[in-house]
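S.K.: Input: one structure, supplied below.
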Amino acid sequence: MSKKVKLLIGLILIVALGYFGYNYIMTGGARDIQTEKSEFTTSATDVFSEFSDNSETATVKYINKTVEISGKVTNVGENVITLDEKVSCQLKVAEKVAIGSQVNIKGRVTGYDDLLEELKLDQCLIVK
């Protein structure tokens, strides 16, 4: 094989590994949050207080962990529920929820947005 072909194959492999690595990190791998045991059970206001007091420590504690958070629904989007105006939960499956109702949400913590002052969760489901 010529140098150009080897270089092209190497470049394709690097791009493919980068793509799959990025997707694995961003989606947390093939996890099933519904069957996982929650590492933390807390309220939306308590977990938000931890992040607003010391986001670095709270990030280490919660990031990429399965949590169960309770709170009052303050906003409902197509696949997003906001609890106590502080915790944004991206639902895995769209569900109808009334604004003002108390719910328990189970999901994976993906991070804290300093600018919007909002904790973000994905792969969420409503615990019944």
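The values are calculated or read from the model by the stated rules, or taken from the named source; none is laboratory data. Everything numeric in this text was worked out from a predicted model, so none of it was measured. Every residue, glycine among them, receives a Cβ derived from its backbone with ideal geometry; neighbour counts consider all protein chains shown. The area values use the complete protein model at the heavy-atom level, side chains included, leaving out ligands, DNA and RNA. Shrake-Rupley method; radii C 1.70, N 1.55, O 1.52, S 1.80 Å.
S.K.: Of the listed values [x] 46, 26, 25; [y] 66, 33, 27; [z] 37, 34, 21, identify the label whose number matches Cα extents along the principal axes in Å calculated from this model.
M.R.: This structure yields the entry labelled [y].
S.K.: Further question: GluC sites (Glu not before Pro), restricted to the stretch 19-108: which are DSSP loop and have at most 10 other Cβ atoms within 10 Å?
M.R.: The qualifying sites are 78.
S.K.: Would you please give the residues with an amide H less than 5 Å from that of residue 118, counting only those at least 5 places away or on a separate chain, with H modeled from the backbone geometry?
M.R.: Counting only residues 5 or more places away or on other chains, the set is 113.
S.K.: Further question: In nm, give the distance between the simple-model label positions of residue 68 and residue 15, each being 7 Å from the Cα along the Cα-to-Cβ direction.
M.R.: Each label point lies 7 Å from its Cα, and together they span 4.6 nm.
S.K.: Can I ask one more? Here are some pairs, 61/128; 61/96; 61/92; 92/128; which of them have Cα atoms lying more than 21 Å apart in this structure?
M.R.: 61/128; 61/96; 61/92
S.K.: At 1.4 Å probe size, with the rest of the protein present, what percent of the exposed accessible area of the chain is carbon and sulfur atoms?
M.R.: In the chain, the share of accessible area belonging to carbon and sulfur is 58 percent.
S.K.: Out of every Cα pair in the stretch 52-104, what percent are spaced more than 14 Å from each other? Intermediate values should be presented prior to the final figure.
M.R.: Working: 791 of 1378 pairs.
Value for the stretch 52-104: 57 percent of Cα pairs lie more than 14 Å apart.
S.K.: Against the longest alpha carbon principal axis of the chain, how many degrees, from 0 to 90 and to the nearest 10, is the axis of helix 44-53 turned?
M.R.: 60 degrees
S.K.: At 1.4 Å probe size, with every protein chain present, just tell me what the per residue accessible area of the chain comes to in Å².
M.R.: Averaged over the residues of the chain, the accessible area is 65 Å².
S.K.: Output ³J(HN,Hα) for the stretch 78-84: one whole-Hz value per residue in order, computed from phi by the Karplus curve 6.51 cos²θ - 1.76 cosθ + 1.60 with θ = phi - 60°, and x for Gly and Pro.
M.R.: Listing the rounded values in order: 4, 10, 10, 10, 10, 9, 6 Hz.
S.K.: Net charge within 14 Å of residue 100 by Cβ-Cβ distance, Lys/Arg positive one each and Asp/Glu negative one each, not counting residue 100 itself? Kindly include the intermediate steps, with their values, before the conclusion.
M.R.: Numbers: positive: 72, 96; negative: 84, 85.
Summing Lys and Arg as +1 and Asp and Glu as -1 gives 0.
S.K.: Restricting to the chain, what percent of DSSP beta bridges are antiparallel, rounded to 5? Provide the component values of the computation, followed by the final result.
M.R.: Values: 22 of 30 bridges.
So the antiparallel bridges amount to about 75 percent of the total.
S.K.: Compute the helix-to-body angle for 3-27: its Cα long axis versus the longest principal axis of the chain, expressed 0 to 90° and rounded to tens.
M.R.: Long axis of 3-27 versus the principal axis of the chain: about 10 degrees.
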